[in-house]
Amino acid sequence: MPKVTVDGQEIEVPAGATVLQACELAGKEVPRFCYHERLSIAGNCRMCLVEVKPGPPKPQASCALPAADGQEIRTDSEMVKKAREGVMEFLLINHPLDCPICDQGGECDLQDQSVAYGRGGSRYDENKRAVTEKYMGPLIKTAMTRCIHCTRCVRFSEEVAGVDEIGALYRGENMQITTYLERAAEHELSANVIDLCPVGALTSRPYAYEARPWELKKTLSIDVSDAVGANIRVDSRGREVLRVLPRINDDVNEEWISDKARFQVDGLTRRRLDKVWIRKDGKLARASWDEAFRAIAAVNAGASVAAVAGDLVDCETMFAAKKLLGALGSTLIESRQTGMSYPVDNLAAVNFNSTLAGIEEADAILIVGSHIRWEAPLVNVRLRKAAKRGAKIFLVGAEWETTFAAEFLGEDLTVLNNLPDYVNDTMKGAERPAVILGGAALANGALAPALALAEGWNLVREGWNGFNVLHMAAARMGALMLGFAQAGGIADLIAAKPKLLLALGADEVNFATFDGALKVYIGHHGDKGAAAADIVLPGSAYTEKPGTYVNTEGRVQYADKAVFAPGDAREDWTILRALADALGVTVGFDSFPQLRAAMVAEVPALGVEGLANYGALPAAVAGAKAEGRIAAYPIKDFYLTNPIARSSATMQECSSELLHGEDVLEAAE
Amino acid sequence: MADRAPHPDSPELRARWGNFIWNEANQAKAKEIVARYPEGRQRSAVMPLLDLAQRQVGEETNTQGWLPIPVMEYLAAYLDMPVIRVLEVASFYTMYNIAPVGRFHVQVCGTTPCVLRGSDDLLETCYKRGMKQGHTTADGLWTLTEVECMGNCATAPMVQINDANYEDLTADRLDVVLDLLARGEQPKEGTQEPGRHTSEPANALSTLKDMVTENHDYRSAW
Ligand code: SF4
Ligand code: FES
Ligand code: FES
């Protein structure tokens, strides 16, 4: 542990730290553009210059200089001040200074740092260079004249995303950042370069000219576009959500979010259910809440009622529905809309036990039936890190384009019964072996054979549990904790032939199987569920209600309410509460705090932020054999997996340009 | 350099170059070049291979050679590396032609020593023959580029044409060189100054006189 002095203050820094990190540890701010904690060190902007003794009598780039014992570092000397002013002046020489029309204004590193460390004016009066516009796809808007060549975007796509598509062409003054042949950036995390870009060269295209950062209300929330539960900040103005940004949480999403999490929010204002609708003569007609409640009460369902929860629903909504059904005498609740029926008596068996951050440490990974890039792009980032550290990764299922070194073992699940020796040996010999089961594996009954493999390979050992299930629905783990599952899956509900079906934002259900029931859809978007419903009650999307979510690793997280739901829409729990009155039962809560308290009383783990404890894995069933094949994955289109995304113009554009445009092109070639 | 840009991608370009593969001789050469790099570092061969590919394109088109986009893609696949990285290298170094050139690529040095020694006249000579900077003449014979110092300042001004340097030029001497090339003959390379061999002092020795007979340590004189 080297000891250094920073501005006269002596501190000890971890071995391998840089001078910049040492300064930060000492509480000194060091301005920087190219340095980023999660990317490799480039050392090309020179903004981080400090004075270091011993060393040459000139300022040194602190981000690229290892801290060594006995160094005397100064960040406050005249030399440093002048160096920063000089670098700033050079950086601004070719910068257009078009802040008034730049979307980065107000949250721009260049702006902030030139105010803090720059000179008052420029001595440069030659012509500035200009760079032609570069196309980077429907999400990223570029103004490359503003680029300061920090290469953060290049390093992100190469190192984190694993899709080498951005590069720096030409050199010196003529250097230009571009995607290959100006093709659209084409991966699920592409828009993170918008956050990384320290200037306004890469900005958000859908959000262009929408607002200034200081006008926005910022709400801490949780993403629901997949089961990772990325921590997000929802920026809103008035009743409209304008954008979503990632929050830093090293355990979950590090500093990234997927393009879907970021850009599906324009779908929140389109195709909204903002009125009550009742089907009359085959057509949905506007109605009042009273009429709707009366119509529901009129079927006299009694205990013959079932509820299906959709993929985006928060725990409170599900709990309220469970209470309502319980009061009516029914336990017909299910959340696995598409008919999956894996056993849920032990949640450890369907949890991502290694944790999302933990999977980085795995040294041998077998992935069964998961198109990870589409099902959980942020987990893909972790897998890439694991692979870079030398993990061996095998996949079973249809091939997809991985961003890490991996070997596909074929689509046939029976390969699990008889794995090739080298795979077996790798998994057996690994220090921290892991298995990841995706939705396609669960649907094909691969859970039991995977548990058998887990036992054989000792996936659970001191300080390590490598048995992982990767869900795709933000609501899944919460639903399972609340008991929103039947032994036989949704088939049990169908078999019970309920008179009344409550669909809580459930859009993937095959509603035809419930044709005897009065179908009530409580949700926020006019999607498949509303189209099949007899009565539509307008609810709230994830940004419009506070809620508890549990991600695929069993992490309990809370989201706040950012905006009010449009029109007549209500927070879902209030609808269920009112429905209880209409049906003449009591559910035991009248306010959200009461509801949450009741929920926590029943499932205490939901009251503690952080990982829930599901106990030990169940013993494997002897003789469990895998069968079937995984020729396709549940997600057919990454950008259109939920009703919000399907309503989003941006996501539709991505889908047609990035996924289907390619097909068109290839067909033409 | 500012107007350097890869030749635009088009169906015609793909039709012409989409099937590019090494010819037999280069196939062997490429293998040998890649083998020079340690295991796992094969990508480092991108620079010599870009040169090799440029030369092969040159042979096929009877020009100095250049690097069409599909050829760079072929190289990227050959070295198993992202094509954007290949393009980065090719666009960084001006000796890779990323747009078509003519039979002879006339690169006139325009850095200070050459300018002081009359490179403007050389450019004028080129212009008189219809050459234009950054363009290829209609007959496909000449492409003119002004470049930075080529390291021949002692024999300035100089012009590099394809693989050969022509030094100590005057307008007339350059004319002779260009005429010979146009006729398909190979002019003498290097200095064009009669009596001079390489870059030895053109007249009587004026500096480092003590070095003539033996190595001399000048440091005490500084
Ligand atoms: S576009 Fe932005 S992130 Fe990329 S190099 Fe330029 S300034 Fe850096
Ligand atoms: S932050 Fe150190 S050189 Fe850019
Ligand atoms: S200046 Fe022309 S060769 Fe050096």
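The values are calculated or read from the model by the stated rules, or taken from the named source; none is laboratory data. What you are looking at is a predicted structure, and each value in this text was computed from that prediction instead of being measured. Here Cβ is always computed from backbone atoms with ideal geometry, including for glycine, and neighbour counts include all displayed protein chains.
What the table shows:
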read-out: Single match in A:Val87, A:Val50 (criterion: within 11 Å of ligand 2 (Cβ to nearest atom) and more than 18 Å from A:Pro198 (Cα to Cα)); value: A:Val50
read-out: Region B:134-180, residues that are hydroxyl-bearing (Ser, Thr, Tyr) and either away from ligand 3 (no atom under 11 Å from the Cβ) or without any contact (Cβ under 8 Å) to a residue 12 or more places away in the chain (or both); value: B:Thr136, B:Thr137, B:Thr143, B:Thr145, B:Tyr166, B:Thr170
read-out: Extreme residue, nearest to A:Met175 (Cα to Cα), among residues of region A:122-156 that are outside any loop (DSSP other than H, G, I, E, B) and more than 10 Å from ligand 1 (Cβ to nearest atom); value: A:Thr145
read-out: Among residues of region A:116-158, those that are touching a residue at least 60 places away in the same chain (Cβ under 8 Å), within 14 Å of chain B (Cβ to nearest Cβ) and farther than 12 Å from A:Thr178 by Cα, counted; value: 2
read-out: Sole residue being modelled with pLDDT of 95 or more and either in contact with a helix residue (DSSP H, G or I) (Cβ under 8 Å, 6 or more places away or on another chain) or more than 21 Å from A:Glu657 (Cβ to Cβ) (or both), chosen from A:Arg171, A:Arg155; value: A:Arg155
read-out: Residue match in region B:181-198 (condition: within 27 Å of B:Asp51 (Cα to Cα), within 14 Å of ligand 3 (Cβ to nearest atom), more than 14 Å from chain A (Cβ to nearest Cβ) and among the charged types (D, E, K, R)); value: no
read-out: Total residues in region A:57-91, condition crowded, with 19+ Cβ neighbours inside 10 Å, of a type outside the set (D, E, K, R) and either outside the structural domain of A:Gly27 (by the TED database) or within 20 Å of A:Ser122 (Cα to Cα) (or both); value: 5
read-out: Residue identified as under 30 Å from A:Ala357 (Cβ atoms) and hydroxyl-bearing (Ser, Thr, Tyr) among A:Thr574, A:Thr513, A:Thr586, A:Thr543; value: A:Thr543
read-out: Selection within region B:79-104 - under 10 Å from B:Val46 (Cα atoms) and in a loop (DSSP other than H, G, I, E, B); value: B:Leu79, B:Met81
read-out: Residue tally, condition more than 18 Å from the chain's Cα centre (by Cα) and either more than 8 Å from chain B (Cβ to nearest Cβ) or in a helix (DSSP H, G or I) (or both), over region A:159-194; value: 15
read-out: Residue in region A:570-583 that is in a loop (DSSP other than H, G, I, E, B) and polar (S, T, N, Q) present; value: no
read-out: Verdict on B:Ser44 being crowded, with 20+ Cβ neighbours inside 10 Å, of a type outside the set (Val, Ile, Thr) and within 24 Å of A:Gly162 (Cβ to Cβ); value: no
read-out: Residue selected from region A:242-289 under the condition more than 16 Å from the chain's Cα centre (by Cα) and among the basic types (Lys, Arg), by the criterion surrounded by the fewest Cβ atoms within 10 Å (Cβ to Cβ); value: A:Lys283
read-out: Any hit, region B:153-161, residues being assigned to a loop (DSSP other than H, G, I, E, B), over 27 Å from B:Asn203 (Cβ atoms) and away from ligand 1 (no atom under 16 Å from the Cβ); value: no
read-out: From B:Glu59, B:Glu32, B:Glu12, residue being assigned to a helix (DSSP H, G or I), of a type in the set (D, E, K, R), within 14 Å of chain A (Cβ to nearest Cβ) and surrounded by fewer than 16 Cβ atoms within 10 Å (Cβ to Cβ); value: B:Glu12
read-out: Test: B:Ile21 is within 26 Å of A:Glu158 (Cβ to Cβ) and either more than 14 Å from chain A (Cβ to nearest Cβ) or not small (Gly, Ala, Ser) (or both); value: no
read-out: Residue list for region A:515-530, restricted to those being surrounded by 23 or more Cβ atoms within 10 Å (Cβ to Cβ) and either over 28 Å from A:Thr269 (Cβ atoms) or not assigned by the TED database to the domain that holds A:Lys545 (or both); value: A:Ala517
read-out: Residue among A:Thr426, A:Thr403 that is among the polar types (S, T, N, Q), part of a loop (DSSP other than H, G, I, E, B) and more than 18 Å from A:Ala631 (Cβ to Cβ); value: A:Thr403
read-out: Residue in region B:100-126 that is farthest from the other protein chains (Cβ to nearest Cβ), counting only those that are of a type in the set (A, V, I, L, M) and surrounded by fewer than 17 Cβ atoms within 10 Å (Cβ to Cβ); value: B:Leu116
read-out: Within region A:385-400, considering residues that are in a helix (DSSP H, G or I) and surrounded by fewer than 21 Cβ atoms within 10 Å (Cβ to Cβ), the one nearest to the chain's Cα centre (by Cα); value: A:Lys385
read-out: Positions within region A:535-550 being part of a strand (DSSP E or B), more than 17 Å from A:Phe484 (Cβ to Cβ) and touching an Asp or Glu at 6+ places or on another chain (Cβ under 6 Å), in sequence order; value: A:Pro538
read-out: Every residue from region A:404-458 that is within 25 Å of the chain's Cα centre (by Cα) and among the β-branched types (Val, Ile, Thr); value: A:Val435, A:Ile436
read-out: Output for region A:291-343, where each listed residue is of a type in the set (Val, Ile, Thr) and surrounded by 23 or more Cβ atoms within 10 Å (Cβ to Cβ); value: A:Val305, A:Val308, A:Val313, A:Thr317, A:Ile333
read-out: Some residue of region A:208-231 being away from chain B (no Cβ under 14 Å) and within 16 Å of ligand 2 (Cβ to nearest atom); value: no
read-out: Selection from region A:1-50 of residues that are within 16 Å of ligand 1 (Cβ to nearest atom), of a type in the set (D, E, K, R), under 16 Å from A:Val80 (Cα atoms) and within 32 Å of the chain's Cα centre (by Cα); value: A:Arg32
